[in-house]
Amino acid sequence: MSYYAEIGIIGGSGFYDPEMFENRKEIKVHTPYGAPSDVITLGEFKGIKIAFIPRHGRRHSFPPHLINYKANIRAMMDLGVKRIIARSAVGSLKEEIKPGDIVIPDQFIDFTKRRDYSFYNGAIVGHFSLADPFCPELNKICIEVMKKLELRYHHPATYICIEGPRFSTRAES
């Protein structure tokens with residue numbers, strides 16, 4: 001039996017339970033990069049097929065620097081996912097960004113040092129622009145929903161990725 005999902009959701013700290021989805025089914029996905037962080041829950045939300053995986057595992061078993069992110073992304077690809085929404089709990093030193101606000105990034109700065117930055121380390125060579133790393137269509141939908149729900153959000157924004165489990169310095173933030 002083959003499985004399919006339109007949208008992938010990678011849950012971050014505090015978002016492990018996909019109870020909001022209907023017709024849930026848990027599946028194990030095997031990838032060339034090893035096992036993903038946990039089983040993937042397939043379900044539906046308002047008729048849309050969703051694939052959900054908790055980034056750190058359901059029991060928060062993987063610290064940030066040990067997450068098999070390649071396996072997580074490959075598992076989503078193998079399920080047919082075209083768009084991924086990834087939630088992260090992050091901090092900010094900007095006073096206008098309050099705890100609980102939603103930030104919709106359009107750029108990122110990667111301060112990680114030990115990660116493998118590419119899926120293309122073998123016979124296939126791939127070069128990809130990251131000038132605009134986030135999906136503008138998905139960002140537009142997120143902004144429309146934030147406005148409709150009257151939620152506090154910030155866009156544009158830059159996400160800075162630090163090699164966990166440490167948090168950023170003030171200068172990095």
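The values are calculated or read from the model by the stated rules, or taken from the named source; none is laboratory data. These figures come from a predicted structure and were not determined experimentally. Backbone-built Cβ (ideal geometry, glycine too); neighbour counts: all protein chains shown. Note: accessible area is taken over every heavy atom of the protein model, side chains too, but ligands, DNA and RNA are not part of it. Shrake-Rupley method; radii C 1.70, N 1.55, O 1.52, S 1.80 Å.
Taking into account only those residues within segment 109-129 that are over 17 Å from the mean Cα position of the chain (by Cα) and polar (S, T, N, Q), which is surrounded by the fewest Cβ atoms within 10 Å (Cβ to Cβ)?
The selected residue is Ser129.
In segment 66-89, how many are over 21 Å from Met20 (Cα atoms) and either at pLDDT below 90 or assigned to a strand (DSSP E or B) (or both)?
Adding up the residues that qualify gives 0.
Considering only residues that are open to solvent by 80 Å² or more (accessible area, probe 1.4 Å) and either under 10 Å from Tyr159 (Cβ atoms) or polar (S, T, N, Q) (or both), which ones fall in segment 84-108?
Answer for segment 84-108, where residues must be open to solvent by 80 Å² or more (accessible area, probe 1.4 Å) and either under 10 Å from Tyr159 (Cβ atoms) or polar (S, T, N, Q) (or both): just Val90.
Suppose the filter is under 30 Å from Lys28 (Cβ atoms), assigned to a loop (DSSP other than H, G, I, E, B) and modelled with pLDDT under 95; does Ser92 pass it?
No, not satisfied.
Which of the residues belonging to segment 36-58 are open to solvent by 70 Å² or more (accessible area, probe 1.4 Å) and in a loop (DSSP other than H, G, I, E, B)?
Scanning segment 36-58 gives Lys46, Arg58.
When only residues in segment 1-26 that are open to solvent by less than 70 Å² (accessible area, probe 1.4 Å) and touching a Ser or Thr at 6+ places or on another chain (Cβ under 8 Å) count, which is farthest from Leu79 (Cα to Cα)?
So the residue we want is Ser13.
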